[in-house]
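Trainee: Below is one structure. I have some questions about it.
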Amino acid sequence: GLRGFRVGGAVVSDKHANFIQAGDGATAADVRAVIEHVRAAVLDHTGIELRSEIRLVGFADDDLGASGGEGVAM
């Protein structure tokens with residue numbers, strides 16, 4: 001699975017893969033990169049497109065896909 005996957009200071013939780021932890025020095029770009037990697041990996045492996053339940057501030061509307069519409073909540 002993707003538990004423990006890390007970009008910079010952001011990591012997919014070892015305890016619950018639906019959580020991304022932002023450790024010391026983590027940037028918004030690190031968290032965004034982890035989200036994008038997880039979404040792409042799940043889509044590639046299962047054909048399921050995850051959608052984020054969080055509201056992103058400071059990113060374009062098309063970044064990480066729209067928050068509404070079809071998909072599985074992440």
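Trainee: Could you check, for segment 32-51, whether at least one of its residues is within 13 Å of the chain's Cα centre (by Cα), modelled with pLDDT of 85 or more and assigned to a loop (DSSP other than H, G, I, E, B)? Give the steps one after another, and end with the answer.
Mentor: Our first condition is that a residue be within 13 Å of the chain's Cα centre (by Cα); within segment 32-51, this holds for 32-43, 49-51.
From the residues that got through so far, the ones that are modelled with pLDDT of 85 or more too are 32-43, 49-51.
Going one step further and asking which of them are assigned to a loop (DSSP other than H, G, I, E, B), we end up with 49.
Taking every residue of segment 32-51 in turn, at least one turns out to be within 13 Å of the chain's Cα centre (by Cα), modelled with pLDDT of 85 or more and assigned to a loop (DSSP other than H, G, I, E, B).
Trainee: Sticking with this one: For segment 1-34, name all the residues that are among the basic types (Lys, Arg) and either closer than 17 Å to Leu50 by Cα or surrounded by 12 or more Cβ atoms within 10 Å (Cβ to Cβ) (or both). Outline the logic, then answer.
Mentor: Step one: filter segment 1-34 for residues among the basic types (Lys, Arg), giving 3, 6, 15, 32.
The answer is Arg3, Arg6, Arg32.
Trainee: Now, a different point. Of everything in segment 43-53 that's surrounded by 11 or more Cβ atoms within 10 Å (Cβ to Cβ) and either free of Cβ contacts under 8 Å to residues at least 12 places away in the same chain or of a type in the set (Gly, Ala, Ser) (or both), which residue is farthest from Ala17 (Cα to Cα)?
Mentor: Filtering segment 43-53 for residues that are surrounded by 11 or more Cβ atoms within 10 Å (Cβ to Cβ) and either free of Cβ contacts under 8 Å to residues at least 12 places away in the same chain or of a type in the set (Gly, Ala, Ser) (or both), the one farthest from Ala17 (Cα to Cα) comes out as Leu43.
A quick yes/no check of all residues on (1) under 20 Å from Gly4 (Cα atoms); (2) out of contact with any helix residue (DSSP H, G or I) (no Cβ under 8 Å at 6 or more places or on another chain); (3) acidic (Asp, Glu):
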{"position": "Ile20", "(1), (2), (3)": "yes, no, no"}
{"position": "Ala28", "(1), (2), (3)": "yes, yes, no"}
{"position": "Val31", "(1), (2), (3)": "yes, yes, no"}
{"position": "Val34", "(1), (2), (3)": "yes, yes, no"}
{"position": "Ala41", "(1), (2), (3)": "yes, yes, no"}
{"position": "Ile48", "(1), (2), (3)": "no, no, no"}
{"position": "Ile54", "(1), (2), (3)": "no, yes, no"}
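Trainee: So which pairs qualify, if the first residue must be in segment 1-27 and on the phi > 0 side of the Ramachandran plot and at pLDDT 95 or above, the second must be small (Gly, Ala, Ser) and surrounded by 15 or more Cβ atoms within 10 Å (Cβ to Cβ), the Cβ gap must be under 8 Å, and the two must be at least 6 apart or on different chains?
Mentor: As it stands, the answer is Gly8/Ala26; Gly8/Ala33, since those pairs meet every condition given.
Trainee: Looking only at segment 7-63, which residues are out of contact with any Gly (no Cβ under 8 Å at 6 or more places or on another chain) and among the basic types (Lys, Arg)?
Mentor: At the first step, the residues of segment 7-63 found to be out of contact with any Gly (no Cβ under 8 Å at 6 or more places or on another chain) are 7, 13, 15-16, 18-21, 31-32, 34-38, 40-47, 53-63.
The answer is Lys15, Arg32, Arg55.
Trainee: Mind checking which residues of segment 14-30 are under 12 Å from the mean Cα position of the chain (by Cα), assigned to a loop (DSSP other than H, G, I, E, B) and within 24 Å of Gly58 (Cα to Cα)?
Mentor: Answer for segment 14-30, where residues must be under 12 Å from the mean Cα position of the chain (by Cα), assigned to a loop (DSSP other than H, G, I, E, B) and within 24 Å of Gly58 (Cα to Cα): Asn18, Phe19.
The values are calculated or read from the model by the stated rules, or taken from the named source; none is laboratory data. Values in this document were obtained by computation on a predicted structure and should not be read as measured data. Heads up, the Cβs are rebuilt from the backbone with ideal geometry, glycines too, and the neighbour counts pull from every protein chain shown.
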